[in-house]
1. With the structure loaded, tell me whether Ser142 is at pLDDT below 90, part of a helix (DSSP H, G or I) and of a type in the set (S, T, N, Q) or whether it fails that test.
2. Quick check on my filter: what residues within region 274-288 are β-branched (Val, Ile, Thr) and within 9 Å of the ligand (Cβ to nearest atom)?
3. Filter region 162-208 down to residues that are among the charged types (D, E, K, R) and in a loop (DSSP other than H, G, I, E, B), then give me how many there are.
4. If a residue must be under 18 Å from Cys287 (Cβ atoms), of a type in the set (A, V, I, L, M) and not in a loop (DSSP other than H, G, I, E, B), how many such residues does region 337-378 contain?
5. Output the residues belonging to region 42-65 that are more than 9 Å from the ligand (Cβ to nearest atom) and more than 15 Å from Ala294 (Cβ to Cβ).
6. Would you pick out the residues in region 350-360 that are more than 8 Å from the ligand (Cβ to nearest atom) and either surrounded by fewer than 21 Cβ atoms within 10 Å (Cβ to Cβ) or more than 19 Å from Val316 (Cβ to Cβ) (or both)?
7. Inspect all residues belonging to region 361-370 and state whether any of them is within 15 Å of the ligand (Cβ to nearest atom) and either modelled with pLDDT under 95 or within 18 Å of Arg408 (Cβ to Cβ) (or both).
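The values are calculated or read from the model by the stated rules, or taken from the named source; none is laboratory data. Predicted model, so just to flag it, every value in this text is computed and none were measured. Counting neighbours? That spans all protein chains shown, and the Cβs are built from the backbone with ideal geometry, glycine included.
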Amino acid sequence: MPTDRRPRASRPEACGSDSRDHHLAARCPRRSRGRDGAFDKEMIVHVQTRTWAGDNLFNLPHEPWLDQRRALQPLFTKKHVAVYADRMAEIAQSMAAGWAASGAIDLGRETRRLTLRVLGHSLFGLDLSDHADDLGPPLTRSVQFITRRSLQPVRAPTWMPTPARHRFRTAMAVVTDAIDDAMAAARTDSGGDAELIRLFFELTDPATGEQFTDRTIRQELFAFLFAGHDTTATTLAYSLWALGHDHEVQDRVAAEAAEVGDRHLQASDLAQLPYTVQVIHEALRVCPPAATVARMAMRDVEVDGYRIPAGTNAVVGIYALHHDPVLWDHPERFDPDRFDRERSTISRWQYLPFGGGPRTCIGDHFAILEATLALAGIVRAVCVESLSDDFPLATPFTMVAGGPVPARVCARTTAA
Ligand code: HEM
């Protein structure tokens, strides 16, 4: 049975693109080069994720990535993600009822449970919230190991057993078990919700012409798990925390959601929830879950008059861009009205929560739909009062709540 679908020549090690030898990557003619060949996912963090978690849509270089992205794209169009709206709204509504009953919650923990549950039901066909407490920490530990290793100036050889590696492998085993459960369930229930997994079962590997192996599918699903739940959870946690401090904004969201009625929200309601969408965009501006994106320069390139030699690690500081006082009035102020379409002057390249170019987030429509329906549904049902002055941050890989985010929650009797 084939264990890996890509020819050795396309693997990072084959071209020596580790940061210890920057210039080799630029000299290798077979390396993929992105749309114009200037930058690609060959930075150390991509190399390390490929080494430790395997190839997937997030970390592949351009050439092997392109066919795969084309094959997966139909699942993530604005039109298609609407099929998940019912579940998203239902999950948010039932969780909000539970929060009101318990009175005090940790927004970080609860929003992670919510997004895992949504992701599980829509793409994996499994109630991942059952695993939320067991799955969240190992997921974080595994990506944190890769991030830390990427940032080390000197790395121990991959074969060397270390306590950190043992913890990483233990964490990965937990994640892999959950993914294997989802794959097994998708095989037996061909009509269930596991759309993403079923699509992977059907796809043909462009490199081999054969079906994807289980190992390959597992590696791909790992990327969707880590890229698809923490990110939206941070956005929701931050939005709720900000609304928990600003009751005027919270009341506007509640009033807008109440206008829709008390039925389950649907994808088509987004048009009636423009202010809620603005709140989500403002949360993504102030607290972008992908605080940076990185590439390696594959050849000498000039950007805005600066020469960037081949092999340079290039980082776009999305957090810095979103907080730049040259680009934003009072950047530290949480002001959803800056995204009001009527008066907004925000340019395409000053606001990049989902990245830009060909490698932009495949889950952007999914995330906006989920976050908007969840926020509107939650705030329509409950009042939130934030109990901490600060929103703690950590970046195990993406930017997440770095500690408890306590809030008091009670049932909303009248909307605004
Ligand atoms: C608020 C939520 C989200 C944010 C802020 C976000 C942000 C991003 C960013 C900035 C990138 C580009 C990374 C780069 O250029 O290196 C990305 C890629 C990606 N995201 Fe998201 N994401 C979110 C939600 C999701 C969801 C819900 C999914 C899946 C269901 C997802 C799956 C992915 C995948 C697979 C990639 C790699 C895409 C490719 O290279 O083709 N993301 N995300």
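1. On the way: at pLDDT below 90: no; part of a helix (DSSP H, G or I): yes; of a type in the set (S, T, N, Q): yes.
Criteria not met by Ser142.
2. Going residue by residue through region 274-288, those that are β-branched (Val, Ile, Thr) are 276-277, 279-280, 286.
The answer is Ile280, and nothing else.
3. Looking only at region 162-208, we keep the residues that are among the charged types (D, E, K, R), and these are 165, 167, 169, 177, 180-181, 187, 189, 193, 195, 198, 202, 205.
Those left that are additionally in a loop (DSSP other than H, G, I, E, B): 189, 193, 205.
Residues that pass the stated criteria total 3.
4. We begin by selecting, within region 337-378, every residue under 18 Å from Cys287 (Cβ atoms); these are 337-339, 346, 350-355, 361, 363-364, 367-368, 370-372, 374-375, 378.
Imposing the further condition that a residue be of a type in the set (A, V, I, L, M) reduces the set to 346, 352, 367-368, 371, 374-375, 378.
Within this subset, residues satisfying the condition of being not in a loop (DSSP other than H, G, I, E, B) are 367-368, 371, 374-375, 378.
Selection size over region 337-378: 6.
5. Result: Thr51, Trp52, Ala53, Gly54, Asp55, Glu63, Pro64.
6. We begin by selecting, within region 350-360, every residue more than 8 Å from the ligand (Cβ to nearest atom); these are 350-351.
Matches in region 350-360: Gln350 only.
7. Just the residues of region 361-370 that are within 15 Å of the ligand (Cβ to nearest atom), to begin with: 361-370.
If we keep only those that are either modelled with pLDDT under 95 or within 18 Å of Arg408 (Cβ to Cβ) (or both) as well, we get none.
No, region 361-370 contains no residue that is within 15 Å of the ligand (Cβ to nearest atom) and either modelled with pLDDT under 95 or within 18 Å of Arg408 (Cβ to Cβ) (or both).
Conditions tested, residue by residue: (1) within 15 Å of the ligand (Cβ to nearest atom); (2) farther than 23 Å from Glu110 by Cβ; (3) not β-branched (Val, Ile, Thr).
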residue: Asp205; (1), (2), (3): no, yes, yes
residue: Glu220; (1), (2), (3): yes, yes, yes
residue: Ala223; (1), (2), (3): yes, yes, yes
residue: Ala233; (1), (2), (3): yes, no, yes
residue: His247; (1), (2), (3): no, no, yes
residue: Val253; (1), (2), (3): no, no, no
residue: Gln272; (1), (2), (3): no, yes, yes
residue: Ala290; (1), (2), (3): yes, no, yes
